[in-house]
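Structure, as structure tokens:
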Protein chains: 4
Amino acid sequence: MQSFKALYRVSWVDTDAAQIVHFSNFFRFFERAEEEFYEHVGLTDWLGAKDVILPRVEAFCQYKKPARFNDLLEIELTVEALKEKSVKYGFKIYNKKTTELLANGYIVAVAVDRQTLRAVPIPKEVVEKLKAFCTADGAK
Amino acid sequence: MQSFKALYRVSWVDTDAAQIVHFSNFFRFFERAEEEFYEHVGLTDWLGAKDVILPRVEAFCQYKKPARFNDLLEIELTVEALKEKSVKYGFKIYNKKTTELLANGYIVAVAVDRQTLRAVPIPKEVVEKLKAFCTADGAK
Amino acid sequence: MQSFKALYRVSWVDTDAAQIVHFSNFFRFFERAEEEFYEHVGLTDWLGAKDVILPRVEAFCQYKKPARFNDLLEIELTVEALKEKSVKYGFKIYNKKTTELLANGYIVAVAVDRQTLRAVPIPKEVVEKLKAFCTADGAK
Amino acid sequence: MQSFKALYRVSWVDTDAAQIVHFSNFFRFFERAEEEFYEHVGLTDWLGAKDVILPRVEAFCQYKKPARFNDLLEIELTVEALKEKSVKYGFKIYNKKTTELLANGYIVAVAVDRQTLRAVPIPKEVVEKLKAFCTADGAK
């Protein structure tokens, strides 16, 4: 099992008046890691492609410690579950410097045909690339 | 048991290139309803007050149907669980016009002293006001 | 000359670690007033319509005083200039309670055909509705 | 005269229903370049520091061509004007791949004491570092 790691530096706009990153932004960091992951495995054209979109059907995050302005975050992505038409990505966000776990969560996305808006099977070549990042219990 | 309902009209900036509301924004709509709820019950000064902040420890959303630009959303808030130092708000987002359920989810927030950053009991007067919005199984 | 006024209450997510509204959000408040203006004058379907989009070609804001969490803002919109294919909206943002001017600025938008992506004349019926909100020197 | 260049890849959440980057986000890209600039010249602690904040008093952007999902942007920063208590940063955003200019604009920021909220002179060591990035007519 491999994981994919992306780096993101917290921007001023990500913070709120509690002087920590607003909780909704962790989901944006999850998605940013997902985007870099597609880039990394050569699936850049999949998300936002002409044919398939990946609407999210579930999103969850557990917050352990706050992230602050200018913190360098390491976002670790794994494939927690891979089904015919959906994928569940697991995420862990660390403070790169202190190595503390700040948050963990997941996103479940369904492959949908952009025209018909119906769920479609995840293409074989995508499945192949995702499998390498499956956690032990995620591979069906 | 009462619920609180807030209205929100989807702005252009809330949408993404799939021409639907970005999934992370549903969490912002949840929080907006929470803010209006505090206003409604006279706790405006509680969130963002001088003494107590309400960092979120968990957030979850299940997406049923997309919301689009200019849709009028009705966001229903209930108190799903009320503990000494934390509160779990449940949310349901409806399309006001079609009455369809678009999403449901929750936020768990902990009361924290702004200076010491330690969890503190939710003040009695706040508890009293929250209790009226508890779902059957949420009241301790 | 009339102006159009929209109300907006500052949400927690609008603020940043300086405990004031992030400067970029004032542009979102401008646009929200613009959206409510279209609603008000019966042009809801114009922005985000099937045929015409309104990409922005210029945006400017001058910041006088900060806005804070939970402030009720009054956003005043006027039509500062109306040309064949573009419109310049002027905005003033006030703190509704203190009546202080917090910011003023403008947005210039061009009418563009969604298919060809070429600038097109603003439809006559839109021009008629916009004219009532022209400032003295904005009417051609 | 030097300029500073930052890279930023457009995320899905940056786009709107017109399938292009929302105009307000260009200001966030400007600021992100500014943050990386402070990092680059060793002034990381200045923005968001304990003593001084840099509220913006003016922001402007001219949009030439749209940016889209996954575009790699190059954001060029120069110091257009340097006064005792304020600095005007100029920005140009290019599509890194096509080298097209997508947008240009500026931000004027004032140095303010975080406690007193009064404008204060930009510290000498900051001025020294900024000077190297002044455009010909920006140096006083």
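The values are calculated or read from the model by the stated rules, or taken from the named source; none is laboratory data. Keep in mind the model is a prediction, meaning the values are calculated, not measured. We place every Cβ from the backbone using ideal geometry, glycine too, and count neighbours over all the protein chains shown.
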The stretch D:70-93 residues that are within 12 Å of D:Ala109 (Cβ to Cβ) and hydrophobic (A, V, I, L, M, F, W, C), paired with ones that are modelled with pLDDT under 95 and part of a strand (DSSP E or B) (beta carbon under 7 Å, 6 or more apart) = D:Val79/D:Cys134; D:Leu82/D:Cys134
note = Considering residues that are in a loop (DSSP other than H, G, I, E, B) and modelled with pLDDT of 95 or more, the number found within the stretch B:38-65 is 2
ask   = Any idea which residue in the stretch A:82-111 is nearest to A:Ser3 (Cα to Cα), counting only those that are buried (at least 18 other Cβ atoms within 10 Å of the Cβ) and among the charged types (D, E, K, R)?
value = A:Lys92
note = When (1) within 14 Å of chain A (Cβ to nearest Cβ); (2) touching a Ser or Thr at 6+ places or on another chain (Cβ under 9 Å); (3) not aliphatic (A, V, I, L, M) are applied to C:Phe23, the one that fails is (2)
key: Residues of the stretch B:25-66 that turn out to be in contact with a strand residue (DSSP E or B) (Cβ under 8 Å, 6 or more places away or on another chain) and among the polar types (S, T, N, Q), as a count   = 1
query = Is the stretch B:58-67 home to any residue that is of a type in the set (Phe, Trp, Tyr), more than 24 Å from A:Ala18 (Cα to Cα) and within 12 Å of chain A (Cβ to nearest Cβ)?
reply = yes
ask   = Within the stretch C:89-116, restricting attention to residues that are of a type in the set (Val, Ile, Thr) and over 18 Å from C:Val21 (Cβ atoms), which residue is modelled with the highest pLDDT?
value = C:Val108
key: Test for C:Val79: is it farther than 17 Å from C:Val21 by Cα, at pLDDT 95 or above, crowded, with 20+ Cβ neighbours inside 10 Å and touching a Gly at 6+ places or on another chain (Cβ under 6 Å)   = yes
request  = Tally the residues that are more than 8 Å from every other protein chain (Cβ to nearest Cβ), surrounded by 16 or more Cβ atoms within 10 Å (Cβ to Cβ) and over 12 Å from the mean Cα position of the chain (by Cα), restricting the search to the stretch D:6-20.
outcome  = 3
inquiry  = Filter the stretch C:50-79 down to the residues that are of a type in the set (Asp, Glu) and under 11 Å from the mean Cα position of the chain (by Cα) and list them by number.
reply    = C:Glu76
task = Sort through D:Arg28, D:Arg114, D:Arg56 and tell me the only one that's in contact with a helix residue (DSSP H, G or I) (Cβ under 7 Å, 6 or more places away or on another chain), in contact (Cβ under 8 Å) with a residue 24 or more places away in the chain and either at negative phi or crowded, with 16+ Cβ neighbours inside 10 Å (or both).
result = D:Arg56
query = Does the stretch C:8-46 hold any residues that are touching a Leu at 6+ places or on another chain (Cβ under 9 Å) and small (Gly, Ala, Ser), and which are they?
reply = C:Ala18, C:Ala33
ask   = Of these, B:Ser86, B:Ser3, which one is at pLDDT below 95 and more than 14 Å from chain D (Cβ to nearest Cβ)?
value = B:Ser3
